[in-house]
Every structure is written in structure tokens, then in C-alpha cells.
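Input: a single structure, listed below in C-alpha cells.
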Amino acid sequence: MRIARIADSELKKAENCHGGAGHLNFAGHWGENDFETPWCFVHYGSIPPGGGIGHHRHVNCEEMFVTFDNAAQFTHNGRTVQVEGGACVPCRKGESHALYNHTDKPTRWMNFCVTDPGSSYDATDFGEDRVGAPLESADRIPLGRFDKSLLTNHANIHQGHGEIGVRVIWQDADFRTHWGLVRHALLPPGTSIGYHRHQIVEETYVIINGSGRMTVDDETAEVFAGDSIPNKLGGAHGLYNHTQENLELFVMTVCMERGQFDGEDLGDNLLSR
């Protein structure tokens with residue numbers, strides 16, 4: 001079973017990323033060879049105080065910066081806003097973005113990239129670190145929040161056990177590539193996302209808080225905060241919270257054909273795994 005689990009001590013230092021301030025610490029969780037859909041990469045890392053990713057634009061691909069904790073300043077198309085806590089901001093083809101940690105604590109961060117089929121990663125740097133950029137109101141950028149108060153309860157997801165909280169933050173209409181969905185979920189103790197399979201989409205589960213038992217292609221392993229677990233075409237997967245604490249995660253979905261989704265439930269709530 002493939003799980004990306006990288007300790008902070010294993011992160012690589014990158015200075016002035018895209019012309020940004022200071023440095024960031026990162027590692028590649030997954031690359032384009034790990035998927036069949038047009039994922040380009042999944043990066044994970046930590047941005048120390050005074051560090052960031054400089055202002056740049058993509059033409060052939062779309063990215064999404066995700067923060068799990070602390071505050072950060074997100075720039076989208078030249079507008080900068082300050083965001084408290086976990087957030088995800090898409091940068092669609094032709095748009096620009098940047099990220100800066102203005103606080104005195106590290107910010108846990110991920111970056112996801114999806115291309116069009118046959119395209120590759122590209123970036124044009126603007127030479128702006130965005131330090132001291134004028135701040136605007138949060139409604140000026142496409143801001144998604146991991147807000148547990150916005151989740152709605154759904155029972156027996158994919159024939160899983162109990163009720164879990166779910167919210168779709170972004171969907172295929174919000175993108176220009178084959179990006180499909182970004183979903184936020186909360187599994188209370190004893191609940192599960194049932195074992196299921198996709199033939200035309202790939203997903204990556206990312207654990208935000210808590211731990212659980214993830215099953216992929218009949219292999220089961222415990223997963224923890226910061227882990228990302230890819231689920232390839234035709235593979236089966238599901239997640240069970242066997243602990244006494246809530247399990248919080250988000251799910252990224254990329255489609256083989258834009259806007260086309262599928263799912264086959266396999267009749268296993270995973271409680272006995």
C-alpha cells in the first residue's frame with residue numbers, strides 16, 4: 001500500500017521559490033508517473049516564518065495551495081488576503097498566485113498540480129515576493145475553507161458505517177483541466193467510508209487531523225495527519241476511523257474525462273479490517 005509519510009527532518013530546503021521570500025521546506029509526495037489521470041504532482045512541506053512562494057502564473061496546468069494550520073497570506077491574480085487556519089485556493093490555467101507566511105510560526109502546506117492531457121508543468125515568475133502587499137477582503141479571491149461547521153451529515157457513504165460529515169468545496173465546473181472535486185470530510189469514532197472502486201477517476205486522500213485505517217487494494221494500514229494516499233484507476237479503497245477521536249481529511253479527485261465520475265460500492269464497511 002502506498003502512503004506518503006515524510007518527517008519534517010526529511011524535507012528539502014528550497015530558497016526563493018518562484019522568487020518568493022526566504023525559503024520553504026518541501027518534499028514530493030507523488031509525481032506524474034504515480035497516476036494515469038493528468039496529475040502532475042503532490043507536494044508537501046512547511047513554510048517557516050518569513051518564507052513563501054513568489055507570484056507566478058501557469059498556462060498549461062492548474063495548482064492548488066492548501067494550508068492546514070496557522071495563518072498565511074494568499075495571493076490570487078494580484079489580490080492578497082490573509083487567511084486564518086486551513087484553506088485551499090485554486091489557481092486555474094492563465095491565473096497567477098503566491099503564498100507568504102507573515103506569522104512567527106511555521107505553516108503546514110501542500111501543493112497539488114493537474115495538467116491537461118498531453119501537457120506539462122509550466123510557470124512564469126513575476127519577480128514579486130508579495131511581502132507587505134496590500135491586504136484585501138477574503139471575498140476577492142476564490143477561497144475554500146476547511147470549516148467543520150459547514151459539513152453536512154451523510155449516512156453509509158459507499159456502504160460505510162454510520163454518519164460522516166461531508167462538503168464539496170470545489171467541483172469540476174470550478175476548473176479548466178480534468179480536476180474533478182475537492183471534498184472535506186470528518187469521520188467520527190467508529191464510522192467509515194466504505195470500500196469502493198473507481199474506473200475513470202483517481203483520488204488522493206489527505207489526512208488533516210486524527211488517524212484511521214485505510215484500505216487500498218486489500219491492504220490495510222494505519223494513516224496519520226500529514227499522510228497522503230493515492231487511489232489509482234480500477235483500485236479499491238476506503239477508510240475506517242477505529243479510534244476514539246475524530247478523523248478529518250480532504251479528498252482530491254482527477255478525472256480521465258472532464259466532468260465524468262463513477263463509483264462502484266463493494267459491500268464492505270471495513271470495520272473488520
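The values are calculated or read from the model by the stated rules, or taken from the named source; none is laboratory data. If you're wondering where the values come from, they're calculated on a predicted model, not measured in any experiment. Ideal geometry is used to build each Cβ from the backbone, glycine not excepted, and the neighbour counts take in all protein chains shown. What goes into the accessible areas is simple: the full protein's heavy atoms, side chains included, and nothing from ligands, DNA or RNA. Shrake-Rupley method; radii C 1.70, N 1.55, O 1.52, S 1.80 Å.
A few remarks follow.
- Just checking the listed ones, GLY86, GLY234, GLY20: in the Gaussian network model of the chain with Cα springs under 10 Å, the one fluctuating most is GLY234.
- At the residue level, ILE6 shows approximately 40 square angstrom of accessible surface with a 1.4 angstrom probe and all protein chains present.
- Note on the chain: with a GNM built from Cα contacts shorter than 10 Å, the maximum mean-square fluctuation among ASP139, ASP147, ASP172 falls on ASP139.
- Between GLY180 and THR253, VAL254, CYS255, the built amide H atoms are under 5 Å apart, and every one of these is 5 or more places off in sequence or on another chain.
- Cα-based radius of gyration of segment 1-119 once divided by 2.2 N^0.38 Å, which approximates compact folds: 1.03
- Accessible heavy-atom area order of THR191, THR220, highest first, probe of 1.4 Å: THR220, THR191
- Isolated Cys residues of the chain, judged by Cβ distance under 4.7 Å to other cysteines: CYS17, CYS61, CYS88, CYS91, CYS255
- Solvent-accessible area per residue for the chain (1.4 angstrom probe, square angstrom): 40 Å²
- Nearest-10 value in Å² for the accessible area of ARG176, using the 1.4 Å probe: 110 Å²
- Share of carbon and sulfur in the accessible heavy-atom surface of the chain [1.4 Å probe, %]: 43 percent
- Rg in Å to one decimal, and Dmax rounded to a whole Å, for the chain via C-alpha atoms: 18.0, 54
- The lysines whose alpha-carbon is closer than 22 Å to the alpha-carbon of LYS105, local same-chain residues fewer than 8 away aside, are LYS12, LYS13.
- When the chain is described by a simple charge dipole with +1 on each Lys and Arg Cβ and -1 on each Asp and Glu Cβ, the residue from ASN33, LEU186, ILE200 located farthest towards its positive end is LEU186.
- Counted by Cβ distance under 13 Å from HIS184, the other residues give a net charge of +2, where Lys and Arg count +1 and Asp and Glu count -1.
- The 3J(HN,Hα) values that the Karplus relation (6.51, -1.76, 1.60; θ = phi - 60°) gives for segment 75-83 are, in residue order, 10, 9, 6, x, 9, 10, 10, 9, 10 Hz. Gly and Pro appear as x.
- Taken one residue at a time, the phi angles of segment 5-22 give Karplus couplings (6.51, -1.76, 1.60, θ = phi - 60°) of 9, 10, 6, 4, 5, 9, 6, 8, 8, 10, 7, 6, 4, 6, x, x, 6, x Hz. Gly and Pro are set to x.
- Amide hydrogen neighbours beyond the local backbone of CYS61, cut-off 5 Å, H modeled: GLY94, ASP122
- Whole-Hz couplings from phi, Karplus 6.51/-1.76/1.60, listed for segment 238-247; x for Gly and Pro: x, 9, 10, 8, 8, 9, 9, 10, 5, 10
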